[in-house]
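The values are calculated or read from the model by the stated rules, or taken from the named source; none is laboratory data. In this text, all values refer to a predicted model and were calculated from it rather than measured experimentally. Note that we place each Cβ from the backbone using ideal geometry, even for glycine, and neighbour counts take in every protein chain shown.
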């Protein structure tokens, strides 16, 4: 059984027990609040929504258990997009989350397991940052990000802390600028083209802060400020050999350039497991460390599960072999 799963189960059990106890004991915090941030962005952009605590009581927040709801048809939580904030102490132990991407639900758990208040939250600030991708199908307008169910907060003295909740929102806007779009797909020996493999490629304009990630179809769209006549697209994804697409012209009279299509996507080579800019024996060695592991095993590495079938085996070695000893300069454009 994986350690993180054990931690999640322990945290869930502890917070549930504490929640039952806390209903019978209350501390009056002076206006303790949890605030979900509000942000704006256009289709294809990534945004970060902070969840902050304000007026944290002197006794500290020993534990909390709350659930946030968002519209899954408009927003997607990115892989590794739940980032504990600076006020979450020893977050690898005290902090956990459960994400249901289909329902648009994120459950957050926090518990100081020392019993002494050593890891209780004692200051105001950001408890967690949530990184979302705004889907290409998102309509223009406001979308609520709110809590659902009971939100439980407890002090170091195991007393309930009443909390005011401020919900947030995402405002999807129509951004002006030149549009560049395309499709990306992994070039695998077994021809696997699952959505898990096509999604979450980072696509950025080199030398700027403009970037997005691909959706489940491998599609991306960028908005580039007027005045730039050409650019280089930088494409990366954990476990893939990075690739630059140079000389993208931004002079089309209709203000739109399509660099690739569904029929002819940009192909990315998988196998740079250690992200050193080459696919070689070092990457094979990384896979050998977790060979024959499955998703339920402790030590399983999603990066080494090349075809994302939940098992690390010869199929993953074969996928690497297709582009063995390649570096980014070997990509043909």
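Results for (1) over 23 Å from residue 133 (Cβ atoms); (2) in contact (Cβ under 8 Å) with a residue 24 or more places away in the chain; (3) assigned by TED's automatic domain parsing to the domain that holds residue 312, shown as yes or no for each residue.
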| residue | (1), (2), (3) |
| --- | --- |
| 198 | no, no, yes |
| 202 | no, yes, yes |
| 223 | no, yes, yes |
| 234 | no, yes, yes |
| 244 | no, yes, yes |
| 263 | yes, no, yes |
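For the subset of segment 185-216 comprising residues that are touching a helix residue (DSSP H, G or I) at 6+ places or on another chain (Cβ under 7 Å) and at pLDDT 90 or above, which member is surrounded by the fewest Cβ atoms within 10 Å (Cβ to Cβ)? Please lay out each step first, then the result.
Residues of segment 185-216 touching a helix residue (DSSP H, G or I) at 6+ places or on another chain (Cβ under 7 Å): 185-186, 188-190, 214, 216.
From what is left, the residues that are at pLDDT 90 or above are 185-186, 214.
On the way: 185: 20, 186: 24, 214: 28.
Filtering segment 185-216 for residues that are touching a helix residue (DSSP H, G or I) at 6+ places or on another chain (Cβ under 7 Å) and at pLDDT 90 or above, the one surrounded by the fewest Cβ atoms within 10 Å (Cβ to Cβ) comes out as 185.
Would you say residue 110 is in contact with a helix residue (DSSP H, G or I) (Cβ under 7 Å, 6 or more places away or on another chain) and either closer than 30 Å to residue 257 by Cα or assigned to a strand (DSSP E or B) (or both)?
Criteria met by residue 110.
For segment 300-333, give me the residue count where each residue is touching a residue at least 40 places away in the same chain (Cβ under 8 Å), part of a loop (DSSP other than H, G, I, E, B) and surrounded by fewer than 16 Cβ atoms within 10 Å (Cβ to Cβ).
Number satisfying all stated conditions: 5.
Which ones in segment 158-167 are at pLDDT 85 or above and either in contact with a helix residue (DSSP H, G or I) (Cβ under 6 Å, 6 or more places away or on another chain) or surrounded by fewer than 20 Cβ atoms within 10 Å (Cβ to Cβ) (or both)? It would help to see each step written out before you state the result.
Just the residues of segment 158-167 that are at pLDDT 85 or above, to begin with: 159-167.
Residues satisfying the conditions are 159, 160, 162, 164, 165, 166, 167.
Report yes if some residue within segment 151-170 is part of a loop (DSSP other than H, G, I, E, B), farther than 30 Å from residue 322 by Cα and under 23 Å from the mean Cα position of the chain (by Cα); otherwise report no.
Yes, that holds for at least one residue.
Got a number for residues in segment 240-261 being closer than 30 Å to residue 273 by Cα and surrounded by 13 or more Cβ atoms within 10 Å (Cβ to Cβ)?
9
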